Amino acid sequence: MLRVTDRIAIEDWELVEHFVRSGGPGGQNVNKVSTAVELRFEAERSPNLPDPVKRRLRRLAGRRWTSDGAIVLQVSDTRSQSRNRELARERLAELIRRATETPKRRVPTRPTLASKRRRLEAKKQRGEVKSLRGRVED
């Protein structure tokens, strides 16, 4: 079980781990041992995630969200299979944790009268500078 928050926990049956060979340095070990992990979490069908969290998670996951509603994380940071597995689970938990935070609503504000005047004055000055460019007549 992967505990994300005190209310959300992901069951082991919801996670599918697939180990593949990792690229990069490592000598002969790279060609023999499958150390990289591909973690798949069926987020769309998960009974442990509320709908608003799923919607935010889909936006946060970006390209990692598949067309069938799963999140696929690939981790090959270390040469250790167990450490890569831990990192993948931590990253998934952090992604879900970020999705649980409701974004603050933006309160639209109006520009002050002084700021409008400053903006118009700056535009006027800029227009004068540009109008002074060009041909000089005698």
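Taken together, the values in this text are just the output of simple stated rules run on the coordinates, not laboratory data. The structure displayed is predicted, hence computed values, not measured ones. Virtual Cβ from ideal backbone geometry, glycine too; neighbours counted across all protein chains shown.
Please enumerate, by chain and number, the lysines with C-alpha under 23 Å from the C-alpha of Lys104, excluding those fewer than 8 residues away in the same chain.
Qualifying lysines at Cα under 23 Å: Lys54.
Could you give log10 I(q)/I(0) at q = 0.28, 0.29, 0.32 Å⁻¹ for the range 56-106, computed by the Debye formula over C-alpha point scatterers of equal weight, without solvent?
The calculated log intensity ratios at q = 0.28, 0.29, 0.32 Å⁻¹ are -1.06, -1.09, -1.17.
From the phi angles alone, apply the Karplus equation (6.51, -1.76, 1.60; θ = phi - 60°) to the range 93-107 and give each ³J(HN,Hα) in whole Hz, x where the residue is Gly or Pro.
4, 5, 4, 5, 4, 5, 6, 6, 6, 7, x, 6, 6, 7, 9
Would you tally the net charge around Arg45, using a Cβ to Cβ cut-off of less than 14 Å, leaving Arg45 out, and scoring K and R as +1, D and E as -1?
Spelling it out: positives minus negatives among the neighbours equals -3.
Under a Cβ-Cβ cut-off of 12 Å, what is the net charge of the residues other than Leu15 that fall near it, where Lys and Arg count +1 and Asp and Glu count -1? Write out the running numbers ahead of the final one.
Numbers: positive: Arg40, Arg85, Arg89; negative: Glu11, Asp12, Glu14, Glu17, Glu38, Glu42.
Around Leu15, the charge tally is -3.
Taking 0.36 nm per intervening residue step and subtracting the Cα-Cα distance, what contour gain separates Arg21 from Ser67 on full extension?
Working: separation 46, 0.36 × 46 = 16.56 nm, distance 2.48 nm.
Fully extending the segment from Arg21 to Ser67 adds 14.1 nm.
Please give the helix 51-61 orientation as an angle from the longest Cα principal axis of the chain, in degrees from 0 to 90, rounded to the nearest 10.
80
On a full-extension model of 0.36 nm per residue, what is the gain between Glu94 and Lys130, subtracting their alpha-carbon distance, rounded to one decimal in nm? Don't skip to the answer; put the middle values down first.
Values: separation 36, 0.36 × 36 = 12.96 nm, distance 5.24 nm.
Result: 7.7 nm gained on full extension.
How long, wide and thick is the chain, going by the Cα atoms along their three principal axes, in whole angstroms, largest first?
Reported extents, whole Å, longest axis first: 84, 43, 25.
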